[in-house]
Amino acid sequence: MANLVIPSLIETLYMVFFSTLFSLILGFPLGILMVVTEKGNIWPKPKLNQILNSIINILRSFPFLILMIVIYPLSTLIVGKSIGTTATIVPLSVAAAPFVARIIESSIKEVDKGVVELSLSMGATIPQIITKVLIPEAMPSIILGITLTIINIIGYSAMAGAIGGGGLGDLAIRYGYYRFETNILIVSVIVIIIMVQSIQFIGNTLSAKINKK
Amino acid sequence: MIKIENLYKEFENNNDKLLAVKNLNLEIKRGEIYGIIGLSGAGKSTLIRCLNRLEEPTKGRIIIDDINITALDKESLRITRKEIGMIFQHFNLLAQKNVYDNIAFSLKLSKMNKEKIDKRVDELLKYVGLEDKKYAYPSKLSGGQKQRVAIARAIANNPKVLLSDEGTSALDPQTTKSILSLLNRIKKEMGITIVMITHQMEVVKEICDKVAIMEGGEIIEANTVENIFREPQTKTAHKFISSMQTDVEEEVINPDDFKGKIVRLSFLGETAKEPFISQIVRRFYINVNILSGNINKLQSSNVGHLIVEFTGDDKEVEKALNYLKNNDVNVEVI
């Protein structure tokens, strides 16, 4: 059994790691942009804000499975194939990016408006306010948000497995469900549970540790 | 140093217009501590936030140290703001940064090198008396300590002006006093002009040189603190003075309860040293009954108040009052 579960686990870890990374690269700036371009904020661009808001909402309305099918051609374009673990990273990242944007947006919004005002009164530039004030002040909350994202992506990746993405979800479906090897199904699920538990634990600990509030 | 000319600030909210500051004119001299006092909603916070354009004025001019603040473009405004420090009611410290990083914040924004920053922060810590809290986080500090950090941060760049938006309103009376004496030291030793927004007359009394009273977006009275205490012109000014703890007796005294004439006498500086009461009793055929009295210690001198009841012949009382008036005692019949 180990020779089935371990490679699948590695596939899952690989998918989750890179999907998280790319969804952060896409979603993080988007989330910050959502805050600063708001009316009355430090870089008000109401039109842009509205457009970004709509895009995020539309992407988030798609059921993940449909989004994956729609985006698979994009995978062919980027990684050269539309099936397998690497190919799955593309739709996973795209699906998680708007989620990340919302998470970052709400974390940044928690930052006390007073410190932004203070930074303005001291002559800080907009990039300085973002990098030296907003992000550091929101960091404990951002870490919890990223934790939530990783757990979400683990869930998505299991679904992706069902349509040829590989990983633990794939293993559970192919062996556990189609071949009635219940023990493999159970083990796959247990491994996923352990992963989720540990990531949540690490996230909570880290967030509490850096929070000086 | 600071000149405000015909300043207007209008807020618009769903077609609802609110004129927070109307046609306001004010001049503040270099090295002064200028208090602006008013009840909440008087427009004083809006006014001080217009000075560094955290709030954009609708109309009018603001000139600080010969720079027309209202005419600056965004980039020049940003650079000019470095010369205008500001402290807030709720301190606005960076919660995730320690005291050192909070004070170094403005220096880092100006890209000063690490060595210089270290030296300057140590200097400032010593100045505000928090050397032992260098690596503490704001959540571990008391309100007074937090405001000291905020003050150190505000003066780190050697600004010409320091704005205090209700800087002591969240503090207890004793801490307020220690913060005020720190501000006074800053004014004296660094020559920084300080503008203080407050709703506490105690703050004005303690350190301000001049005071403006705001109501409904306008300045209804502005004068030196001594003169306001001695001869308040407006009702609001009266209320502020009598709102101070030492004056509560005045509220209790109802002129209808007394047969004689109830008069409030104010003595300023030298006049406080003359024995006027015994003089009038000897000179005129009247009786004087002292109902309450107090002395307010101001930044530059003292103002004494007495509330007395005059009984006797109306003419004699009139003469006594005139005598007092001629001797620079402020007389006010209640």
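Each value in this text was obtained by applying a stated rule to the coordinates, not by laboratory testing. Here the structure is a predicted model, which means the values were calculated and not measured. Every residue, glycine as well, gets a Cβ built from its backbone with ideal geometry; the counts of neighbours run over all protein chains shown.
Observations, loosely collected:
- Using a Förster distance of 45 Å, the FRET efficiency for A:S106-B:E231 (Cβ separation, nearest 0.05): 0.20
- D_trans [Stokes-Einstein, Kirkwood Rh over alpha-carbon pairs] for the range B:56-107, 4 °C, 1.567 mPa s, µm² s⁻¹: 97
- Spatially close Lys pairs in chain A, defined by Cα atoms under 21 Å apart and a spacing of eight or more places or different chains, total 15.
- Cross-link partners for B:K9 among the aspartates and glutamates, with Cα-Cα distance under 13 Å and sequence neighbours closer than 8 places in the same chain left out: B:E55, B:E56, B:E218.
- Gyration tensor verdict on the protein assembly as shown (Cα atoms; rounded if a/c is under 1.5, prolate if a/b is larger than b/c, oblate otherwise): prolate
- For chain B, the Kirkwood radius over C-alpha pairs fed into Stokes-Einstein at 20 °C and 1.002 mPa s yields D = 97 µm² per second.
- Crossing angle, helix A:2-36 versus chain A [Cα axis fit, 0-90 degrees, rounded to tens]: 20
- Rg/Rh ratio calculated on Cα atoms of the range B:162-285 (Kirkwood radius): 1.04
- Mean-position separation - Cα centroids, the range A:108-143 and the range B:121-198, in angstrom: 22
- In chain A, the alpha-carbon atoms span a convex hull of 120 Å³ per residue.
- Of all lysines in the structure, the ones whose alpha carbon falls short of 19 Å from that of B:K205, not counting any fewer than 8 places away in one chain, are B:K29, B:K44, B:K177, B:K187, B:K188, B:K235, B:K239, B:K297.
- Residue with peak Gaussian network fluctuation, chain B [Cα springs, cutoff 10 Å], from B:G191, B:G38, B:G217: B:G191
- Across chain A, Cα pairs under 8 Å and at least six residues apart give a relative contact order of 26 percent.
- Three principal axis lengths of the range B:244-333 [C-alpha, angstrom, descending]: 40, 28, 16
- Of the residues A:I51, A:I32, A:I199, the one that moves most in a GNM of chain A with alpha-carbon contacts below 10 Å is A:I51.
- In straight-distance terms, cross-link reach from B:K319 covers every one of the lysines whose alpha-carbon lies under 22 Å from its own, apart from those fewer than eight places away in the same chain; here that gives B:K259, B:K261, B:K273.
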